[in-house]
Amino acid sequence: MNYNELGIQAIQEENYEKAVELFTKAIEENPNEAIGYINFGNLLSSMNENDRAERFFQKAITLDKHAATAYYSLANLYYNADRFEEAAKLYEKAIANGIEGADAYFMLGKSFEKVGHTKLSLPYLQRAYELAPDDIQVALSYGIALASMEMFEQAEPIFKKILTQDAENADAHYNLGVLYAVSTTDTDAALHHLKQAFTIQPTYDQARYVYDMISLRN
């Protein structure tokens with residue numbers, strides 16, 4: 001009987017007490033295998049029992065130093081607790097140990113961004129964008145990073161692409177408006193996109209503020 005698989009099934013059925021019981025049995029049956037601790041840690045994390053979850057992930061790593069999902073899950077725990085530098089190191093280890101997909105690269109980039117290292121974040125956000133070019137959140141973060149490094153020619157088509165996917169994405173309108181304001185003389189385009197941002201999202205005070213500044217200047 002595979003208690004880990006049954007435990008995951010119990011989570012999908014939202015039977016968390018049963019999942020606890022099954023993952024406990026998985027660990028009792030194979031105490032030297034990391035997977036049971038990872039699954040139990042993820043369950044605890046989803047229940048906001050973060051201190052306990054952390055111990056389970058750390059135990060998994062002591063059992064298997066190549067357990068990519070343990071590094072990734074612990075990194076997410078630290079990221080959500082604003083422990084961004086620790087999270088970045090763990091995302092790096094998750095990637096080094098073969099975790100696949102855009103998410104780890106995206107989260108590593110965001111971790112660097114959160115501590116003010118935009119230049120360091122850029123290659124990881126770029127890689128995430130290459131792996132998931134249609135993910136709007138990834139694209140937006142990558143575009144903003146490019147723009148903040150004054151790489152406006154590379155950022156512009158990314159914001160435009162987001163708007164072809166979601167014409168009412170206020171953040172894309174805002175960032176495209178700011179881009180036109182600071183890198184071109186196309187004031188009309190800047191004002192158009194900024195106005196779109198606060199029209200779509202009336203609480204977008206920053207968009208309205210920049211719009212008013214440009215309007216007064218002209």
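Using the Cα gyration tensor of the stretch 93-218, with a ≥ b ≥ c the square roots of its eigenvalues, what is the shape: rounded (a/c below 1.5), prolate (a/b larger than b/c) or oblate (neither)?
Details: a/c = 2.37, a/b = 2.04, b/c = 1.17.
Prolate is the answer for the stretch 93-218, as a/c is 1.5 or above and a/b outweighs b/c.
Using Cβ point charges alone (K and R +1, D and E -1), the dipole size of the chain about the Cα centre works out to roughly 520 debye. The stretch 129-161 and the stretch 1-68 have Cα centres separated by 36 Å. Calculated mean residue ellipticity, 222 nm, the chain: -25000 deg cm²/dmol, from DSSP H runs (n ≥ 4) at -39500 (n - 2.57) each, averaged per residue and rounded to 500.
Note that the stretch 196-211 has calculated 3J(HN,Hα) couplings of 4, 4, 7, 6, 5, 10, x, 8, 7, 5, 5, 4, 5, 5, 5, 4 Hz, one per residue in order, obtained from phi through the Karplus relation 6.51 cos²θ - 1.76 cosθ + 1.60 (θ = phi - 60°); glycine and proline are x. Measuring how big the chain is from its alpha-carbon positions, Rg and Dmax come out at 21.7, 73 Å. Between Asp135, Asp205, Asp82, where does the largest GNM mean-square fluctuation fall for the chain, given springs only between Cα atoms within less than 10 Å? Highest fluctuation of the listed residues: Asp205. Each residue of the stretch 182-187 was assigned a 3J(HN,Hα) from its phi angle through the Karplus curve 6.51 cos²θ - 1.76 cosθ + 1.60 (θ = phi - 60°); the sequence is 9, 10, 9, 9, 7, 4 Hz, with glycine and proline shown as x. What stretch of the chain, leaving out the sites themselves, is the longest with no GluC sites (Glu not before Pro) in a DSSP loop having at most 12 other Cβ atoms within 10 Å? With a cap of 12 other Cβ atoms within 10 Å, the longest stretch comes to 15-99.
Under 1.5 on a/c is rounded, so check that first for the stretch 31-72, then, if it is not, pick prolate when a/b is larger than b/c and oblate when it is not; a ≥ b ≥ c are the square roots of the alpha carbon gyration tensor eigenvalues. Don't jump to the answer; show the numbers that get you there.
On the way: a/c = 2.03, a/b = 1.80, b/c = 1.13.
The shape class here is prolate.
Scalar couplings 3J(HN,Hα) for the stretch 151-159, obtained by applying the Karplus form with A = 6.51, B = -1.76, C = 1.60 to θ = phi - 60°, are 9, 5, 5, 7, 6, 3, x, 5, 5 Hz; x denotes Gly and Pro. Taking every Cα-Cα distance in the stretch 63-142 and sorting them into 5 Å bins starting at zero, the pair-distance distribution P(r) comes out as 3, 20, 27, 24, 19, 5, 2, 0 percent. Near the amide H of Arg83, within less than 5 Å, lie no amide hydrogens of residues on another chain or at least 5 residues away, with H placed in the peptide plane.
Per atom type, the chain shows carbon and sulfur on 47% of its accessible surface, probed at 1.4 Å. Under a Gaussian network description of the chain, with springs only between Cα atoms under 10 Å, the residue in Tyr204, Tyr124, Tyr78 that fluctuates furthest is Tyr204.
Rounded to the nearest whole Å², what accessible area per residue is found for the chain with the 1.4 Å probe? Can you show the working numbers first?
Numbers: 12100 Å² over 218 residues.
On a per-residue basis, 55 Å².
Across the cross-link table entries Lys114/Lys161; Lys110/Lys160; Lys89/Lys195; Lys59/Lys114; Lys114/Lys160; Lys18/Lys114, which are compared at the Cα atoms, the separations over 30 Å belong to Lys89/Lys195; Lys18/Lys114.
With the Cα gyration tensor of the stretch 132-197 giving a ≥ b ≥ c as the square roots of its eigenvalues, does the rule (a/c under 1.5 for rounded; else a/b larger than b/c for prolate; else oblate) give rounded, prolate or oblate?
Working: a/c = 2.19, a/b = 1.24, b/c = 1.77.
Note, shape of the stretch 132-197 comes out oblate.
Name the residue farthest towards the positive end of the dipole of the chain from the options Gln165, Tyr3, Thr199, assuming +1 on Cβ of Lys and Arg, -1 on Cβ of Asp and Glu, about the Cα centre. Towards the positive end, the residue furthest out is Thr199. Run the paramagnetic zone check for Asn15: 7 angstrom along Cα to Cβ, then residues of the stretch 28-47 with backbone nitrogen under 16 Å. Answer for the stretch 28-47: none.
Largest GNM mean-square fluctuation across Asp171, Asp64, Asp103, computed for the chain with C-alpha springs under 10 Å, falls on Asp64.
Candidate cross-link partners of Lys25 among the aspartates and glutamates, defined by an alpha-carbon separation under 14 Å and a same-chain spacing of 8 or more, comprise Glu5, Glu17, Glu33.
The values are calculated or read from the model by the stated rules, or taken from the named source; none is laboratory data. Worth saying up front: this structure is predicted, and the values here are computed from it rather than measured. Cβ: placed from backbone, ideal geometry, glycine included. Neighbour counts: every protein chain shown. Ligands, DNA and RNA are stripped out before the accessible areas are found, and what is left, the full protein with its side chains, is counted by its heavy atoms. Shrake-Rupley method; radii C 1.70, N 1.55, O 1.52, S 1.80 Å.
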